[in-house]
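Asker: Could you have a look at this structure, given as structure tokens, before my questions?
All of the numbers you see were taken from the coordinates with simple rules; none came from a lab. Note that the structure is a prediction, hence the values are computed from the model and not measured. With ideal geometry, Cβ positions are generated from the backbone for all residues, glycine too; neighbour counts draw on all protein chains shown.
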Amino acid sequence: MPYKNKAKQRKAQRDWVKKNRAKRKKYDRELRLKAIEKLGGKCVNCGCDNVDALEFNHKNGGGYSEYKAHGGCGRQICLDILARRRDDIELTCKVCNALHCLVKLKRLPNKWKINYGD
């Protein structure tokens with residue numbers, strides 16, 4: 001039932017968020033892990049499999065604007081990956097994603113040599 005008083009509605013929404021923050025954070029983490037698993041679980045370039053270092057890379061750019069359009073939350077991207085609605089996203093580590101941004105999207109010369117292992 002919608003509130004007639006907008007201030008009451010906003011307060012109720014804020015209270016709900018405070019009350020359910022831990023559940024929401026756990027849900028988002030599990031959703032992200034499922035999406036990572038669906039995309040293979042490792043970086044497509046170097047093979048990194050540390051889930052904290054992995055990111056969803058938009059092959060054609062535009063990831064930041066999409067992220068902002070959904071309120072600064074990656075939940076929708078994960079849901080789209082799990083529902084197989086996206087084929088323009090790949091899994092990369094933070095280093096490979098930054099290199100992709102610089103070389104392919106900003107068209108800087110590829111003068112970097114990255115040593116991935118010791």
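Asker: Just add up the charged neighbours of Lys94: K/R +1, D/E -1, any other residue whose Cβ is under 14 Å from the Cβ of Lys94.
Answerer: Neighbour charge sum, excluding Lys94 itself: -3.
Asker: How big is D, in µm² s⁻¹, for the chain by Stokes-Einstein at 4 °C and 1.567 mPa s if Rh is the Kirkwood radius over C-alpha pairs? Walk me through the numbers before you get to the answer.
Answerer: Details: Rh = 16.6 Å.
Taking Rh from Cα pairs, D becomes 78 µm²/s.
Asker: Can you give me the Cα centroid spacing of the stretch 61-112 and the stretch 7-25 in angstrom?
Answerer: 29 Å
Asker: Next question, about the same structure. Starting at the first residue of the stretch 91-103, write each ³J(HN,Hα) from the Karplus equation 6.51 cos²θ - 1.76 cosθ + 1.60 with θ = phi - 60°, in whole Hz, x for Gly and Pro.
Answerer: 9, 9, 7, 4, 5, 5, 5, 5, 4, 4, 4, 6, 7
Asker: Oh, and also: Identify all lysines with a Cα-Cα distance to Lys94 below 29 Å; exclude those on the same chain that are fewer than 8 residues away in sequence.
Answerer: Lys23, Lys25, Lys26, Lys34, Lys38, Lys42, Lys59, Lys68, Lys104, Lys106, Lys111, Lys113
Asker: Now a separate question. What residue among Lys68, Lys59, Lys34 has the largest mean-square fluctuation in a Gaussian network model of the chain, using Cα springs under 10 Å?
Answerer: Lys68
Asker: Could you check the simple spin-label distance between Trp16 and Ala98, using points 7 Å along Cα→Cβ, in nm with one decimal?
Answerer: Calculated label separation equals 3.9 nm.
Asker: Counting each DSSP H run of 4 or more residues in the chain as -39500 (n - 2.57), what helix-only mean residue ellipticity at 222 nm follows after dividing by all residues, to the nearest 500 deg cm²/dmol? Could the numbers behind the result be given before it?
Answerer: Details: 4 runs with 55 residues, N = 118.
The helix-only estimate for the chain comes to -15000 deg cm²/dmol at 222 nm.
Asker: Please find, in a Gaussian network model of the chain (springs between Cα atoms separated by less than 10 Å), the residue of His100, His70, His58 whose mean-square fluctuation is greatest.
Answerer: His70
Asker: Please find, in a Gaussian network model of the chain (springs between Cα atoms separated by less than 10 Å), the residue of Asn60, Asn50, Asn20 whose mean-square fluctuation is greatest.
Answerer: In this elastic network of the chain, the residue with the biggest mean-square fluctuation among Asn60, Asn50, Asn20 is Asn20.
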